[in-house]
Amino acid sequence: MSEESNAANPEPPTASRAELLPGVRAQLLATEHWSLLASRSTTQGEVLTRISMFLTFTSASLLSVALVGNATQFSDAFRAFALTILCIDLVVGLLTHIRVMSVAMEDLMYVIAMNRLRAAYVDLDPGIAPYLMAGSADDEEGAKRTYYFLGGRRDFNQVAGSSMVFMGVVNAALIALLTGSALLTAGLPAVAAVPVAVLAALGFFGTSLVRGHHRYLDVWRNNPPISPTPPHPG
């Protein structure tokens, strides 16, 4: 009797686990991809706001220094005021610089993670590989491709146009201004104070570049790729 009932009312066919797995994987990968995109966008927006706030604060404070200098006829009190303002500007600039460098590494982190997800997409459907302009390899070459799809851009251009270098230049200028002003206030002649200020600025800028480069290299040392760029033929 039960056999006849089963034959009269057959259960609807269900897809096997093997057939469902690729679709589920694709959904999970897409969800993670969108999460990374949202996090990257939020981080970029936050650091751009920080840079804008720093530049606005610095511009306003330097303008106030000029106005106070006019009002006090550049007296000794003005010198103390100017040095205090420059110290505050430099502290804010250094804190912003630290955040900018951290965000640069975080952005690289998001790029590597999304490249790894694209490699998973290609594993699910190798036919989509020719249509992906962004990198699908989670190594250095793949990250460079994601940052610039068309290729041919030199590493120097990427670094020179970065927010990290921009903040390094601004902070180096503040260091030169603060150092030179402090030395002049202490009685050192300008012919000696200016070279010292320039050397201090160059030392800071060079140190920030070297530190940033070391952090960049540490990313690749500590994160071995699981989907490296295929070797070029020949």
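The values are calculated or read from the model by the stated rules, or taken from the named source; none is laboratory data. Keep in mind the model is a prediction, meaning the values are calculated, not measured. Reconstructed Cβ throughout: ideal geometry from the backbone, glycine too, with neighbour counts over all protein chains shown. Just the protein is used for accessible areas: all its heavy atoms, side chains included, with ligands, DNA and RNA removed. Shrake-Rupley method; radii C 1.70, N 1.55, O 1.52, S 1.80 Å.
Considering only 68, 111, 191, the mean-square fluctuation computed in a Gaussian network model of the chain, springs between alpha carbons under 10 angstrom, is largest for 191. For the stretch 37-127, the set of chymotrypsin sites (Phe, Trp or Tyr not before Pro) satisfying both a DSSP loop assignment and a count of at most 15 other C-beta atoms within 10 Å is given as 74. Rounded if a/c is under 1.5, else prolate if a/b beats b/c, else oblate: with a ≥ b ≥ c from the C-alpha gyration tensor eigenvalues square-rooted, which is the stretch 105-234? It is prolate, given that a/c is not under 1.5 and a/b is the larger ratio.
Charge dipole of the stretch 108-193 (Cα centre as origin; +1 on each Lys and Arg Cβ, -1 on each Asp and Glu Cβ, all else neutral): 280 debye, rounded to the nearest 20. Ranking 161, 174, 150 by Cα position along the charge dipole of the stretch 137-187, where only Lys, Arg, Asp and Glu carry charges on their C-beta atoms, puts 174 farthest toward the positive end.
With a 1.4 Å probe rolled over the protein heavy atoms of all chains, the accessible area of 164, 109 falls in the order 109, 164, largest first.
Heavy atoms of the protein chains alone define the surface here; on that basis the stretch 89-234 has 57 Å² accessible area per residue at 1.4 Å probe size. Comparing 203, 152, 93 in a Gaussian network model of the chain where C-alpha atoms under 10 Å apart are linked, the largest mean-square fluctuation is found at 152. Gain on full extension, evaluated as 0.36 nm per residue between residue 34 and residue 220 minus their Cα-Cα distance, stands at 64.6 nm.
Taking 45, 187, 206 in turn, the Gaussian network model of the chain (Cα-Cα springs below 10 Å) assigns the largest fluctuation to 187. Charges were assigned to the Cβ only: +1 to each Lys and Arg, -1 to each Asp and Glu. The resulting dipole of the stretch 55-149 about its Cα centre is roughly 320 debye. Can you bin the chain into rounded, prolate or oblate? Criterion: square roots of the alpha carbon gyration tensor eigenvalues sorted a ≥ b ≥ c, rounded for a/c under 1.5, prolate for a/b above b/c, oblate for the rest. Since a/c reaches 1.5 and a/b is larger than b/c, the shape of the chain is classed as prolate. Helices in the chain, meaning DSSP H runs of at least 4 residues, each add -39500 (n - 2.57). Divided by all residues, the mean residue ellipticity at 222 nm is -27500 deg cm²/dmol.
Kyte-Doolittle cut-off 1.6, length cut-off 30 Å along the helix's own axis using Cα: show which whole DSSP H helices in the chain pass.
Counting only whole DSSP H runs, the qualifying helices are 163-185.
Solvent-accessible area assigned to carbon and sulfur over the chain amounts to 66 percent, based on a 1.4 Å probe. When the Cα positions of 49, 202, 185 are compared along the charge dipole of the chain, 185 comes out farthest toward the positive end, with charges on each C-beta of Lys, Arg, Asp and Glu.
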